[in-house]
Amino acid sequence: MMTRRSALNLAAIAATTLLAALPAQAADTAPVARHVILLIGDGMNIEHEIAASQYLSGKPFSLSFHQLPYQGVQATWDVTTYERHGGRYDPQAIVPTLGYDPAKGGLLPYPLGPELDGARAYHLGAATDSASSATTWATGYKTDDGNISWLSGDPDRGGNRRDDGSLKTIAERLREARGFAIGVVSTVPFTHATPAAFVAHDKSRKHYTAIGSEILQRTRPDVVIGGGHPGTSGRPDFGFIAETDYADLKSGRYAADTVFVERQAGTDGAQALQAAARRAAAEGKKLVGLYGKKQGGLFDWPEPQHRPGAPRIERATTENPSYAEATLAALQVLARNPRGFFLMAEQGDIDWANHNNDYRHMVSTVASLHDGVKAVVDFVDRPGDDISWDNTLLIITADHSNSYMRIGKALGAGELPEQRSDDCNLTRCYPGGEVSYGSGGHSNELTRIYARGQGTELLKAQEGSWYPGTRIVDNTQLFHVMMQAAGVPVEPALKPVPVAAP
Ligand SMILES: [Zn+2]
């Protein structure tokens, strides 16, 4: 049995060894990101980015994130995709080309690279869903469609958060290791797959109310702003938040440490959220903002106008904040923590617009992401605080592509194609041929990564390590880049086997 004295001796020896191996000065002065900001355009690929850019400026690459110094590409496949391609998923022997094969899909997404023969069928054959994709960024693990930071195969044991299949997320890890404040923002219900994967764990993304209870009662992030409001008129819809959780927020059960603000008829949502964020920041409290449509969960979509030469996007309602306003409110609260913060903010409506093959609302929701990125860049640039690009990592990306949209004819600023109806047949929607759609579902096309700030070079270092001879980064590698940038490197849980360069 080890005596107290020998235990102390061992601790002293360990401390000496550590000091010898790692000079204290290096640990103190190594530059790290104290602010990690991940902005997501759900279901967005480069053709959607170009479409919104054309609408806003008449040019293809003029969005705010197109100006960032790091620009790369990402493979997004999940375990379900891998197995549909004929692989038997073994995390210790992954064959990356079974998830995404550059020889079939291309080294770069179209139109940055050529459209390969058969690419369309390949891309539409199998693709990740939002839950498994967000799990890769949140945990560094690949998993099955529908899993929220939970291991593939849905085991009840064997995860790394508790003694079950749940996976500790980047938000939980950075809070634990570095004392970061953590927050999630979404324009779709806060219990939807993308925000949920960062602050909840579940075998199914469909368990909305259980996910909401875990977020609000157990994980308790410093900021939660999203859709899912049960509604202020008619029959309330408690599909996205449990009636008891909503009642607790309303009754002030969490008032001692949380400021709650919600959509209200006739109230300017941005102003109310801004006031709530100021109060939460001043009083050192958490912020929960619940918005969305009166019936159902999403924020109302901005409405773009067809005005050649004079693009204009109108708010559908002022009762919800915009994506940019919600993201800034979150930053205002999170930035109070001198130890740092992690924020994931999702423009989740791009995916919905794409599922509907709805070009107009795809343009307006990508423009909403563009506004949000611009607001975040301005926030970091703002003088007078200790938030700068030296201690902040900003990443903008998409969890998967959607709809296999292709631009047939570039439109000028302010121009929208004739769009006959929201629910028409794929080939009948756009009689002018300005645009075509290949499906109403997700695709396995590469998505884009944009980044700026501390740790950007780590992204560069990951390029091609799963796919030699390419610049492709696997989505699980973004988790490792963010953790390493924040000074908390994590040993990769996945091992790709070497594949040949294309
Ligand atoms: Zn998605």
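ILE396 fulfils the conditions (1) farther than 30 Å from TYR100 by Cβ; (2) surrounded by 21 or more Cβ atoms within 10 Å (Cβ to Cβ) except for a single criterion, (1).
Just for the range 417-467: of the residues that are in a strand (DSSP E or B) and of a type outside the set (S, T, N, Q), which one is modelled with the lowest pLDDT? If you could, list the steps in order and put the result at the bottom.
Filtering the range 417-467 for residues in a strand (DSSP E or B) gives 435-436, 442-443, 447-453.
Among the residues that remain, those that are also of a type outside the set (S, T, N, Q) are: 435, 442, 448-453.
Working: VAL435: 95, HIS442: 98, ARG448: 98, ILE449: 98, TYR450: 98, ALA451: 98, ARG452: 98, GLY453: 98.
If we take residues in the range 417-467 being in a strand (DSSP E or B) and of a type outside the set (S, T, N, Q), then VAL435 is modelled with the lowest pLDDT.
Does ALA33 qualify as being surrounded by 24 or more Cβ atoms within 10 Å (Cβ to Cβ), at pLDDT 95 or above, away from the ligand (no atom under 16 Å from the Cβ) and in a loop (DSSP other than H, G, I, E, B)?
On the way: surrounded by 24 or more Cβ atoms within 10 Å (Cβ to Cβ): yes; at pLDDT 95 or above: yes; away from the ligand (no atom under 16 Å from the Cβ): yes; in a loop (DSSP other than H, G, I, E, B): yes.
The answer is yes for ALA33.
When the range 113-129 is examined, which residues are found to be assigned to a loop (DSSP other than H, G, I, E, B) and of a type in the set (A, V, I, L, M)? Passing the criteria: LEU116, ALA126, ALA127. What about ILE472, is it of a type outside the set (S, T, N, Q) and over 30 Å from SER152 (Cβ atoms)? Criteria not met by ILE472. Exactly one residue out of ASN337, ASN354 is in contact (Cβ under 8 Å) with a residue 60 or more places away in the chain, open to solvent by less than 30 Å² (accessible area, probe 1.4 Å) and not acidic (Asp, Glu), and it is ASN354.
Scan LEU216, LEU151, LEU174 and give me the residue that is free of Cβ contacts under 8 Å to residues at least 24 places away in the same chain, aliphatic (A, V, I, L, M) and away from the ligand (no atom under 16 Å from the Cβ).
Details: LEU216 fails: free of Cβ contacts under 8 Å to residues at least 24 places away in the same chain; LEU174 fails: free of Cβ contacts under 8 Å to residues at least 24 places away in the same chain.
One residue alone meets the criteria, LEU151.
Report the residue count in the range 180-213 for those that are under 17 Å from the mean Cα position of the chain (by Cα), within 16 Å of the ligand (Cβ to nearest atom) and farther than 19 Å from GLU243 by Cα. The total comes to 9.
Within the range 89-105, can one find any residue that is aliphatic (A, V, I, L, M), part of a strand (DSSP E or B) and within 14 Å of the ligand (Cβ to nearest atom)? Even if it seems obvious, please write down each step before you answer.
Taking the range 89-105 and keeping what is aliphatic (A, V, I, L, M), we get 93-95, 98, 103.
Okay, now just the ones that are also part of a strand (DSSP E or B), so 94.
Restricting the remaining residues to those that are within 14 Å of the ligand (Cβ to nearest atom) gives none.
Within the range 89-105, not a single residue is aliphatic (A, V, I, L, M), part of a strand (DSSP E or B) and within 14 Å of the ligand (Cβ to nearest atom).
For ALA270, the conditions (1) over 14 Å from GLY228 (Cα atoms); (2) of a type in the set (A, V, I, L, M, F, W, C); (3) in contact (Cβ under 8 Å) with a residue 60 or more places away in the chain are fulfilled apart from (3). Here GLY289 fulfils each of the conditions (1) open to solvent by 50 Å² or more (accessible area, probe 1.4 Å); (2) outside any loop (DSSP other than H, G, I, E, B); (3) small (Gly, Ala, Ser) apart from (1).
Table: residues versus (1) touching a Phe, Trp or Tyr at 6+ places or on another chain (Cβ under 6 Å); (2) free of Cβ contacts under 8 Å to residues at least 40 places away in the same chain; (3) under 22 Å from LEU63 (Cβ atoms).
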{"residue": "GLY432", "(1), (2), (3)": "no, yes, no"}
{"residue": "GLY438", "(1), (2), (3)": "yes, no, no"}
{"residue": "ILE449", "(1), (2), (3)": "no, no, yes"}
{"residue": "PRO468", "(1), (2), (3)": "no, yes, no"}
{"residue": "PHE479", "(1), (2), (3)": "yes, no, no"}
{"residue": "ALA500", "(1), (2), (3)": "no, yes, no"}
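Checking THR169, THR135, THR139 one by one, the residue that is within 16 Å of the ligand (Cβ to nearest atom) and not acidic (Asp, Glu) is THR135 and no other.
The values are calculated or read from the model by the stated rules, or taken from the named source; none is laboratory data. Just so it is clear, the structure is predicted and the values come from calculations on it, not from any experiment. Heads up, the Cβs are rebuilt from the backbone with ideal geometry, glycines too, and the neighbour counts pull from every protein chain shown. These accessible areas exclude ligands, DNA and RNA; they are computed on the full protein's heavy atoms, side chains included. Shrake-Rupley method; radii C 1.70, N 1.55, O 1.52, S 1.80 Å.
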